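The values are calculated or read from the model by the stated rules, or taken from the named source; none is laboratory data. This is a predicted model, so every value here is computed, not measured. As a convention, Cβ positions derive from the backbone with ideal geometry for all residues, glycine included, and neighbour counts pool all protein chains shown. In case anyone asks, the SASA skips ligands and DNA or RNA and just uses the protein heavy atoms, side chains included. Shrake-Rupley method; radii C 1.70, N 1.55, O 1.52, S 1.80 Å.
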Amino acid sequence: MMTSRIIGTGSFVPTKTVSNFDLSELVDTNNDWIVERTGIVNRRIAQTDSTVSLAVKAALAAIENASIKPDEIDLIIVATFTPDNAMPNTACEVQKAIGAYHAFCFDLNAACSGFIYALQTAHVYLKSGMSQTALVIGAETISRIIDWKDRSTCILFGDGAGAVIVKQDSHGIIDILSGSDGSKGEFLTQPYAHLTTPFSNSDSSSILPYLKMDGQEIFKFAVRKVPETILTLTTRANITPTQIQHYLLHQANKRIIHAVAKRLQVKEECFSMNLEKYGNTSAASIPILLDELNRMGKLKEKEYLIFSGFGGGLTWGTILLQW
Ligand code: ACO
């Protein structure tokens, strides 16, 4: 039976490294607290890069890795909650920059689950035959919506982009389980700054577009939902969690990842991590990690992989695939 398969990966992070020590000069925090609670040591912060430029660099690396030409791509989906502009969308800007003239292009926002939702969407287009070659990107410049005076959030995030090329093949994606719970949306928010119109009765000009988070609620949600979806998928595929060679979870926090490993009774070594270098890059975190593993030659054909994302919305999504 035909499914869709990742045939190339790419990623790009800004060159500027900001350490926990650098942040302790901005806010009342320290390296030990951040490392112990999160596992994060450094993050990359855009200085001249934008969400589009990060996405383009990751996309070009994925195209080269897949050995395809940009004009073969007929679908581009960019997962982001930090686009440079509302119009044109990020995916159209990427199309222009890489010369993917035959693609139709749109952005998708599911916060930190964005890459999972975007890959799921591309999979559906490929399975239906409406697309042959998809470019799926997660790209974020979260540094631009952070309150750099808020120590509870500014220590957590970083900027970056990851991309994959997906095509139809006889093995690849096995199963997907995504979900949303809008009733808990208040736990992770980032409002738009709106202009006041001559007709509005309320003044929204004082609303600042900062990310706000109830860390403990997000923590509880993640450690419950991620293992639950993984167990559903492994049960449906008639395999056990210990048969998965590589778990690629959204890189938010090492304690969440360790808690998931414990619940699944799987060795922590099966859970790859790079959050110590990049912090939480939201929709970009899973494809950046995937690209690093791929380029290190750590992924062997037909091995089982799990991708699992969770975040604002609330949203979550898990994909079981064979490499
Ligand atoms: N440095 C030092 N102290 C701090 C810092 C800091 N950077 N931030 C908070 N504190 C203080 C608090 O003020 C509090 O002090 P108090 O006890 O005097 O009030 C104390 O540390 C404990 O704060 P908590 O918020 O209870 O700390 P917690 O152990 O919950 O850790 C954290 C916070 C790391 C955010 C944790 O809740 C977490 O990891 N949550 C998950 C968040 C997450 O992963 N979000 C991303 C997923 S969704 C997405 O990617 C968009």
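Here are a few things to note about the model shown:
- Comparing mean-square fluctuations of 138, 158, 39 from a GNM of the chain with C-alpha springs under 10 Å, the top value falls on 39.
- Within the stretch 55-191, DSSP assigns beta bridges of which about 45% are antiparallel (rounded to the nearest 5).
- Averaging Cα coordinates gives a centre for the stretch 140-174 and one for the stretch 203-224; these two points are 17 Å apart.
- The local environment of residue 211, defined by Cβ-Cβ distances under 15 Å, has a net charge of -2 under the rule Lys, Arg +1 and Asp, Glu -1.
- Evaluated over the Cα positions of the stretch 1-77, the convex hull gives a direction-averaged projected area, one quarter of its surface, of 8.2 nm².
- Global geometry of the stretch 270-323, whether rounded, prolate or oblate, following the gyration tensor of its Cα atoms and the 1.5 cut on a/c: oblate
- The protection proxy used here, the mean number of other Cβ atoms lying within 10 Å of each residue, ranks peptides 282-295, 207-220 as follows, highest first: 282-295, 207-220.
- Computed from point charges on the beta carbon alone (+1 for Lys and Arg, -1 for Asp and Glu), the dipole magnitude for the chain about its Cα centre is near 720 Debye.
- In this simple spin-label model, placing a label point 7 Å from the Cα along the Cα-to-Cβ direction at both residue 212 and residue 127 gives a separation of 3.9 nm.
- Restraint check, 167/262; 212/267; 16/254; 220/277; 127/302; 69/225, Cα-Cα greater than 27 Å: 167/262; 212/267; 69/225
- For the chain, built as a Gaussian network whose Cα springs stay under 10 Å, the top-fluctuating residue of 200, 11, 24: 200
- Here the gap between residue 245 and residue 27, fully extended at 0.36 nm per residue and compared with their Cα-Cα distance, gives a gain of 74.5 nm.
- Dimensions in Å of the stretch 152-278 - Rg and Dmax from alpha carbons: 19.2, 61
- Computed helical MRE - 222 nm, the chain, DSSP H runs ≥ 4 contributing -39500 (n - 2.57), nearest 500: -9500 deg cm²/dmol
- In this structure, residue 171 and residue 298 have a Cβ-Cβ separation that, at R0 = 25 Å, corresponds to a calculated FRET efficiency of about 0.85.
- With Cα atoms defining each centre, the stretch 1-33 and the stretch 61-97 are spaced 20 Å apart in the structure.
- Comparing 79, 139, 118 in a Gaussian network model of the chain (Cα springs below 10 Å), the most mobile by mean-square fluctuation is 118.
- Fraction of alpha-carbon pairs over 37 Å apart in the chain - percent: 13 percent
- Averaged per residue, the stretch 215-268 has 48 square angstrom of accessible surface, using a 1.4 angstrom probe with ligands and nucleic acids left out.
- Nearest-10 value in Å² for the accessible area of residue 242, using the 1.4 Å probe: 100 Å²
- Take each peptide in 56-64, 13-21, 164-172, 191-199, count the other Cβ atoms within 10 Å of every residue, and average; sorted highest first, the result is 56-64, 164-172, 13-21, 191-199.
- By accessible area, using a 1.4 Å probe on protein heavy atoms only, the stretch 81-240 has 56% of its surface on carbon and sulfur.
- Per-selection metrics, the stretch 5-152 (Cα): Rg and Dmax in Å: 17.3, 54
- Reported to the nearest whole Å, the Cα centre-to-centre distance from the stretch 235-263 to the stretch 268-295 is 13.
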